[in-house]
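Reviewing the structure listed below.
The values are calculated or read from the model by the stated rules, or taken from the named source; none is laboratory data. All values derive from a computational prediction rather than experimental measurement. Cβ coordinates were reconstructed from backbone atoms using ideal geometry, including for glycine residues, and neighbour counts include every protein chain displayed.
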Amino acid sequence: MTILSYIEDIEKNEPIKLNQKEITELLNTQKQNVLRLMKVASDRKYTDNITYSKNMFIPLTEVCRNSCGYCTFKKESNDPDVILLKDKDEIIEELKISQKYGCKEALITFGEQADEDELVLKVLNEKGFENMTDYLHDVCEEIVDKTNLLPHSNCGVISYNELKKLKEVNISMGMMIESSSHRLMETIAHKNSPGKNPKLRLEVISNAGRLNIPYTTGILIGIGENKDEIARSLLDIKNLHSKYGHIQEVIIQNFKSKPRTPMEFHDEPTLLDMIRTVSVAKLLFDDVSIQVPPNLNYHTNQIFLLCGADDWGGISPLTKDHVNPYDKWPQISELEKFSIELGFKLKERLAIYDKYINEEYLNQKLLSKTELLKKQLK
Ligand code: SF4
């Protein structure tokens, strides 16, 4: 079959079951077929709503066991400016300010397995905790009890038991797979990042599925992978979702070269690469939201809404994106303008998608609070 015949089948609404080779071919679509690919993908979007979540970003620690070639977040534990461990009282104070701005999601993102570092472990022990997971659990519990926000934690690679413990106090969790390519473990992108081993990351996402944790994941494109590897990454996520049904959102993130990183002079993906990847992702995940980070694509983000993307992600009225500090988030009013101009509506959502707000996914305490906050959505 040719690319054109896949697209024709999709246009005829034939059931889509694409294998890795076919996805790779679609990721190489050219000329007018790109417009047809965008159209069939955007036809899979069954809503006019483009969603976002009002969040507050909490970098619990900037120490990380990995050293990715594109990272601007991580700091060494002996860096005088490092956040070794953000204090719980400080976090709660900041969240209480953010709730005045209507934030409902406490997005807790931090370096992976930072408690392997002796300085981090020392501070944890001084606070009475043996490891990062116990501290995070305590912080999240207090967020649930004392603020109007709901925790969503991005912990990197953690064990089944750690996920199980954190599920008690998180409405959803997340971790980018980045790429299923083992080859990248030998390249500038991931050669110093044991936690970016795709086998480990897929196991975490699989464990989250076994535990019924609503999960956000995604891929980072342009870090040296080829089209076949993008296809494999999307299929791996798709297979886990088919098995467990817990993937609520897939992020298609474009690599941005940042000063003073090992990949400072590495090429960024083209707009066409993004268009084809977002379109193919929508074809594969018609029941899952597709997000393209708007801060990384300020001048081009509307085009992705025409490829089936339907979520702007977490937007903070207060904090910068600590992971991408060079790329300012658009204001919510700008996102509204971008959406309305194309005929869509901007709609606030929680950090958990509606279909997961039930007893199958949340304990009674989280469910009650989530239902209360849902009523406050604009
Ligand atoms: S990108 Fe994430 S995992 Fe990689 S070094 Fe930075 S903080 Fe660690």
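For the reader, a short list of remarks on this structure follows.
Okay, residues lined up against (1) outside any strand (DSSP E or B); (2) modelled with pLDDT of 90 or more:
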| residue | (1), (2) |
| --- | --- |
| Asp273 | yes, yes |
| Ala281 | yes, yes |
| Trp312 | no, yes |
| Leu318 | yes, no |
| His322 | yes, no |
| Trp329 | yes, no |
| Leu335 | yes, yes |
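- Hits in the range 337-376 (condition: in contact (Cβ under 8 Å) with a residue 40 or more places away in the chain, outside any helix (DSSP H, G or I) and among the hydrophobic types (A, V, I, L, M, F, W, C)): Leu342, Phe344, Leu346, Leu350, Ala351, Ile352, Leu362
- The test for being within 30 Å of Glu141 (Cα to Cα), out of contact with any Asp or Glu (no Cβ under 8 Å at 6 or more places or on another chain), of a type in the set (Val, Ile, Thr) and at pLDDT 95 or above holds for Ile352.
- Annotation: Asp79 fulfils all but one of (1) within 9 Å of the ligand (Cβ to nearest atom); (2) farther than 23 Å from Asn197 by Cβ; the unmet one is (1).
- Matching entry among Asn148, Asn125, Asn212, Asn161 (being polar (S, T, N, Q) and either part of a strand (DSSP E or B) or in contact with a Leu (Cβ under 8 Å, 6 or more places away or on another chain) (or both)): Asn148
- Subset of the range 188-212 that is buried (at least 21 other Cβ atoms within 10 Å of the Cβ) and β-branched (Val, Ile, Thr) - its residue that is farthest from the ligand (Cβ to nearest atom): Ile205
- In the range 237-256, the residues that are in a helix (DSSP H, G or I) form Cβ pairs under 6 Å with partners that are of a type outside the set (Val, Ile, Thr), at six or more places apart or across chains, as follows: Lys238/Leu284; Leu240/Ser206; Leu240/Gly209; Tyr244/Gly209.
- All positions within the range 362-378 that are buried (at least 17 other Cβ atoms within 10 Å of the Cβ) and charged (D, E, K, R): Lys369
- Filter result (touching a residue at least 12 places away in the same chain (Cβ under 8 Å) and outside any helix (DSSP H, G or I)) within the range 261-271: Thr261, Pro262, Met263, His266, Asp267, Glu268, Pro269
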